[in-house]
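Heads up: the structure comes next, in structure tokens.
The values are calculated or read from the model by the stated rules, or taken from the named source; none is laboratory data. These numbers come from a predicted model, not from an experiment. No Cβ is skipped: glycine too gets one built from the backbone with ideal geometry, and neighbour counts run over all protein chains shown.
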Amino acid sequence: MSQSPVEPASNNQASSYRQGWAALNQMLHEGKSFSGHERNCAFLNLGGHSFADVSGLVGLNFDEDGRTVVSTDWDFDGDLDLWTTARTAPRLRFLKNNSSEEKKNFLSVRLVGNGVESNRDAVGAIVELYLENVKPPLIRTVTAGDAFISQNSQWLTFHFSPEQKIRNLTVYWPAGQKQVVDELITKSFYKIHQGKAAEMWIPPIRRIDMKSGLSKPSASSEHSRTVLIGRLPMVPIQTKGENSESELPKQSLKGPLLLNVWAPWCKPCVKELSLWTQSEEILRSAGLRILALNADTSAIDSAQRLLRRLRFPFQSAHALQRTVRSLDWFQRSFLDHWAPLPIPSSFLIDRQGDVAVIYKGPVSPEQVLKDMKLLDMSMSERREAAIPFAGKWLKPPRLPNPLLVNGQFVAHDAISEGITYLRRYLESSEDRGGKSSDHLSKIAHTIGTLLSKSDNPSLAKSYLVKALHFTPDQIDLRIELANLLLSYPSLNHIEEAIAVLKPDPKVQVTDPASRRLLSWAFFLWGESFQSSHQYQKAEQAFRQSIQLHPSQLKAAEKLAWLFVTQNPEQDQRKSNALAIAERLCAITQHKNGDYLDLLAFIQASHGQFEQAIRSMEEAQVLRADAPDSKAFKEGKNWMDHFKKHLIPDLRFESD
């Protein structure tokens, strides 16, 4: 069972942890057991000395992935019934306790706090029931939750033998008050309000009589029909010809079209093709085209012979393996159960090129003709037609999500194919209209994010810009685009990043993450000006960097070097440089050699050569393990200058 990291994990550990959850998630979606079909267990307390496993005896050892068991006296007969939930079907069970009435004795109480010293639900209260001639009391506690996303009833039920009688009951309320309740009658229900006498409570008469039944698994079938409420475009269909591979034009995949996946060695496929051949006239008169895709490119010759023998009158082609694979991933994205695509399977496509119905296993011409009526229905009408029973919907239809299709491609390491699918979806959505700006922004954002991890940052940028066009107020999108631009810090990219993070120069940036990134952009901008000897502009950029993020120490270091090397004759600039250097060394506790170098140089420029020597000695100690390094050798050279009361001759040379 996967466990969450307790301490901060390294990137490799975190990646391994995420991969473990991804594998577990895939296993669950494919219908596999979470815990290996471990049977539920029930244990009988043998007088406080040991426990006996009575799981099979009492009928609780269901072969399922159990999640929750809670107890409640559902029928108010004095014994505790059970509700259980499981990840596998049946998801919910009610287990009625049919204990013998003659052997049953109980007392049930419900506590109500006063809402001042104790909470109204009395969570945390402890109740002790004392029986006559029995020393240790029976104890129950009111809890707020029990088991996975559930809780037991707030009625506290005590069970004891029929011959035993109640002496009294003691309540310890959450705030610490003690309340003793006397004269309680067995086989009764009481409500106890904090500080008040107990009131006998009469249970209501249940109006629903639940009947017991055995849970029988549904019979498996080779056939399934899934009406898609939210439709998405078909994936690209790539085929193999005599001498080349090609992709079918998008226009040819617009319906009404039934795209069928078959193979020549599949007997149900051959029977299905034969039925369609016999029904050619009625299918064509209904306006339906059929495209039969042979999924086995190693059997092209036999597939062609079979089609000729059947005199198959519709279009056919030979699908590449990656096309069959894409069709499989496409159909998985619509259902929570990721079952593999069987042979044969078919996809009914509407006039826009969107998939309307998915058939697994053979489908009759009559069913396809019936489903063609769905093609022109609204989304609400399709939803009604998709469900085989009546009911009331609580929410509007959920919009189709192409990101789920892309997620299947990414999960199977086919990222470029996923990007291609999303790019085509975005293009067609913009042409057709009807999609919200938020929806289109998410698609463009996902494309840009995926492309930013490839070798095409320019294309990634174009999609992030497009996403920002759809939702210009999305801060995290601006941050991601700026990060991408700053990953390739040319002068143009830096200026673009600044414009992205601060679109209005007159408006202050308040978002903390944006301010930090904008500070870094101004730092890189200053470095760019510095490298082109535009020192005044560099100084302004470093100042803005520090203003946005005072902890930007690199910008402070660069600014101090500019103060001491550009126009050093101005005393105020030298004083400012010294203050910055001293602050940098204090923040880093004199453990940063570069900052100590800066401090030593500024001290020497002030004529404080003894202090400069001491600062350089500190810096050299930090570099003692690398005596052959450039920094150590230059530090030694500086020391020689300082001992002669000389300042090294350099312009702005810091890294």
*May I ask you to verify whether His193 is within 28 Å of Thr84 (Cβ to Cβ) and in contact (Cβ under 8 Å) with a residue 40 or more places away in the chain?*
no
*Residues of segment 90-111 being under 40 Å from the mean Cα position of the chain (by Cα) and more than 12 Å from Asp73 (Cα to Cα), which ones?*
Pro90, Arg91, Leu92, Arg93
*Of all residues in segment 552-592, how many are more than 18 Å from Gly607 (Cβ to Cβ) and either in contact (Cβ under 8 Å) with a residue 60 or more places away in the chain or of a type in the set (Gly, Ala, Ser) (or both)?*
8
*Inside segment 319-403, counting only helices (runs of 4 or more DSSP H) that do not spill past its ends, which hold 2 or more residues that are at pLDDT below 95 and among the acidic types (Asp, Glu)?*
379-386
_Among residues of segment 365-382, those that are in contact with a helix residue (DSSP H, G or I) (Cβ under 8 Å, 6 or more places away or on another chain) and touching a residue at least 40 places away in the same chain (Cβ under 8 Å), counted_ = 5
_segment 102-126 residues that are among the hydrophobic types (A, V, I, L, M, F, W, C) and surrounded by fewer than 22 Cβ atoms within 10 Å (Cβ to Cβ), paired with ones that are modelled with pLDDT under 95 and not in a loop (DSSP other than H, G, I, E, B) (beta carbon under 7 Å, 6 or more apart)_ = Phe106/His159
*Residue list for segment 222-266, filter: free of Cβ contacts under 8 Å to residues at least 60 places away in the same chain and of a type in the set (Ser, Thr, Tyr)*: Ser244, Ser246, Ser252
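Taking segment 425-436 as the search range and keeping residues that are surrounded by 16 or more Cβ atoms within 10 Å (Cβ to Cβ) and of a type outside the set (Ser, Thr, Tyr), which one is modelled with the highest pLDDT? Walk me through it before giving the result.
Restricting attention to segment 425-436, the residues satisfying the condition of being surrounded by 16 or more Cβ atoms within 10 Å (Cβ to Cβ) are 425-426, 429, 435.
Adding the requirement that they be of a type outside the set (Ser, Thr, Tyr) leaves 426, 435.
Details: Leu426: 96, Lys435: 89.
Only one residue tops the list, namely Leu426.
Please tell me if Gly448 is over 24 Å from His493 (Cα atoms), surrounded by 15 or more Cβ atoms within 10 Å (Cβ to Cβ) and modelled with pLDDT of 95 or more.
Working: over 24 Å from His493 (Cα atoms): no; surrounded by 15 or more Cβ atoms within 10 Å (Cβ to Cβ): yes; modelled with pLDDT of 95 or more: yes.
The answer is no for Gly448.
Quick one: in segment 477-503, of everything that is assigned to a helix (DSSP H, G or I) and without any contact (Cβ under 8 Å) to a residue 24 or more places away in the chain, which residue is farthest from Arg515 (Cα to Cα)? Break it down stepwise before answering.
At the first step, the residues of segment 477-503 found to be assigned to a helix (DSSP H, G or I) are 477-486, 491-501.
Filter once more, keeping what is without any contact (Cβ under 8 Å) to a residue 24 or more places away in the chain: 492-493, 496, 499, 501.
On the way: Asn492: 20, His493: 17, Glu496: 15, Ala499: 13, Leu501: 8 Å.
For segment 477-503, the residue satisfying everything is Asn492.
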